[in-house]
Amino acid sequence: MRNPIRSARITSLSLAAACFSLASPALAQEETPAPTPAEILAAAPADHWLPIPVSDLLVFTLPDAADGSKRQAVIQLLPADLSGGHVRNVRKLAGSRWWDGTKIYRVAKDFVTQFGGNPDGKTLPRGLETVPESEYFNAALGAKRDGDMTALQAAVDYSNQYQGTNIQPLMQMIYENSGAQTVGFGGGWPIGSQTIEGETKYYPLTCRGSLSPAHYDPPDTGSGAEISVITGEAARSLDTTFGMVGRVIDGLEHLQNLPLGTAAGGFYADASDHVGIESIRLASELPLAQQPAYEFLASYSPALLQYIAAQGGYGNICTISVPMRKVSK
């Protein structure tokens, strides 16, 4: 198995050299402009772009818009080894095509777009798990975050010491004021942690584009059949009080730019206003030619920190999304 720390150290050499050559005043009569975010991503080593397994993708399709344009969003689910019962339920619901023909029934400005079983009252498929509140936390997420952040720090130290770069640590560029004691990236996901009753607990952060299953009165955390897509920037209040199963990585505008609900909480006041859902499919079940393919920038890549800095830095960890790109198969 490849050692990510060693890999990050080796590959950061070419990245640092590429970025340094763009900015070194010794190589030009005039000061060269700092690299743009796009230039930083283009200079990132090829093996720092990691594929998202097609088995982790959902394709969410709405009926075509009035002008005939397609309305489709792509969702990335938390990987099986970093998630629990809610994600397993979502996979089962999509696999049974349960959401096909259900409705979007709530669009609250700068907060959520909510869809699923309510108000249709569809019978749920058999075999869905009852998910305890304890699954809002996940030790595997913590192990992934801490491993990636250790590898990132090693790569940054190497680049700064031997290549003359000045890459700033993550926590010098972001702040955390939403409850997590420590934040970082693991496997491309923003992950927080808190010490609760003497134990460190890890959880995925609820950023814009996240999918959060509806829950009811504790300890009923819901099945995952009803889900809110977070469309605002102030959703961190949902951390650890709701689950988080994935995020929209493409086409969020189709789920956000819908008519706003006029009833309390952004619910549609009349059933005739509901937005029908054509289908939600596991991407792996689509014909090969229709399966989308994406890559994300590894959390242990120094290019991630350079990319954040190039966009101004100094924001919440959710301010700047982990870089992703659609690729040809």
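Structural remarks
- Considering the conditions (1) modelled with pLDDT of 95 or more; (2) farther than 25 Å from ALA293 by Cβ; (3) outside any loop (DSSP other than H, G, I, E, B), SER134 is excluded by exactly one of them, (1).
- Of residues in region 146-161 being buried (at least 20 other Cβ atoms within 10 Å of the Cβ) and of a type outside the set (A, V, I, L, M, F, W, C), the one farthest from ILE317 (Cα to Cα): SER159
So that you can scan it fast, the table gives a plain yes or no per residue for (1) open to solvent by less than 60 Å² (accessible area, probe 1.4 Å); (2) closer than 20 Å to ALA298 by Cα; (3) among the hydroxyl-bearing types (Ser, Thr, Tyr):
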| residue | (1), (2), (3) |
| --- | --- |
| ASP64 | no, no, no |
| PHE111 | no, no, no |
| GLY116 | yes, no, no |
| ARG126 | no, no, no |
| LYS144 | no, yes, no |
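- Residue match in region 169-179 (condition: part of a helix (DSSP H, G or I) and aliphatic (A, V, I, L, M)): yes
- Out of GLY222, GLY164, sole residue that is in contact with a helix residue (DSSP H, G or I) (Cβ under 9 Å, 6 or more places away or on another chain), small (Gly, Ala, Ser), crowded, with 18+ Cβ neighbours inside 10 Å and at pLDDT below 95: GLY222
- Test: residue in region 171-178 that is at pLDDT below 85, under 27 Å from SER301 (Cβ atoms) and in contact with a helix residue (DSSP H, G or I) (Cβ under 8 Å, 6 or more places away or on another chain): yes
- Within region 161-191, being in contact with a Ser or Thr (Cβ under 7 Å, 6 or more places away or on another chain) and touching a residue at least 24 places away in the same chain (Cβ under 8 Å) holds for THR165, ILE167, ALA180, PHE185, GLY186, GLY187, GLY188.
- Taking first residues from region 43-65 that are among the aromatic types (Phe, Trp, Tyr) and partners that are open to solvent by less than 30 Å² (accessible area, probe 1.4 Å) and outside any helix (DSSP H, G or I), the Cβ contacts under 7 Å between residues at least 6 apart in sequence or on separate chains come to TRP49/LEU297; PHE60/ALA73; PHE60/ILE75; PHE60/ILE280.
- Hey, LEU78 modelled with pLDDT of 95 or more, within 20 Å of GLU285 (Cα to Cα) and touching a helix residue (DSSP H, G or I) at 6+ places or on another chain (Cβ under 6 Å) or not: yes
- Residue in region 4-26 that is open to solvent by 80 Å² or more (accessible area, probe 1.4 Å) and modelled with pLDDT of 65 or more present: no
- Note on region 98-127: residues that are among the basic types (Lys, Arg) and under 23 Å from the mean Cα position of the chain (by Cα) amount to 2.
- If the condition is being under 18 Å from LEU128 (Cα atoms) and part of a helix (DSSP H, G or I), then region 61-102 contributes ALA80, GLY85, HIS86, VAL87, ARG88, ASN89, VAL90, ARG91, LYS92, LEU93, ALA94, GLY95.
- Hey, ALA264 more than 27 Å from ILE317 (Cβ to Cβ), out of contact with any Ser or Thr (no Cβ under 9 Å at 6 or more places or on another chain) and either surrounded by fewer than 20 Cβ atoms within 10 Å (Cβ to Cβ) or touching a residue at least 40 places away in the same chain (Cβ under 8 Å) (or both) or not: yes
- Single residue of ALA293, ALA303 found to be surrounded by 17 or more Cβ atoms within 10 Å (Cβ to Cβ) and touching a residue at least 12 places away in the same chain (Cβ under 8 Å): ALA303
- Subset of region 243-274 (residues that are part of a helix (DSSP H, G or I) and not acidic (Asp, Glu)): LEU252, HIS254, LEU255, GLN256, ALA264, GLY265, GLY266, ALA271, SER272
- Hits in region 147-204 (condition: of a type in the set (Asp, Glu) and under 19 Å from THR240 (Cα atoms)): GLU176, GLU197, GLU199
The values are calculated or read from the model by the stated rules, or taken from the named source; none is laboratory data. Computed from a predicted model, the values in this text were never measured in an experiment. With ideal geometry, Cβ positions are generated from the backbone for all residues, glycine too; neighbour counts draw on all protein chains shown. We work out accessible area using only protein heavy atoms, side chains counted, and drop any ligands, DNA or RNA first. Shrake-Rupley method; radii C 1.70, N 1.55, O 1.52, S 1.80 Å.
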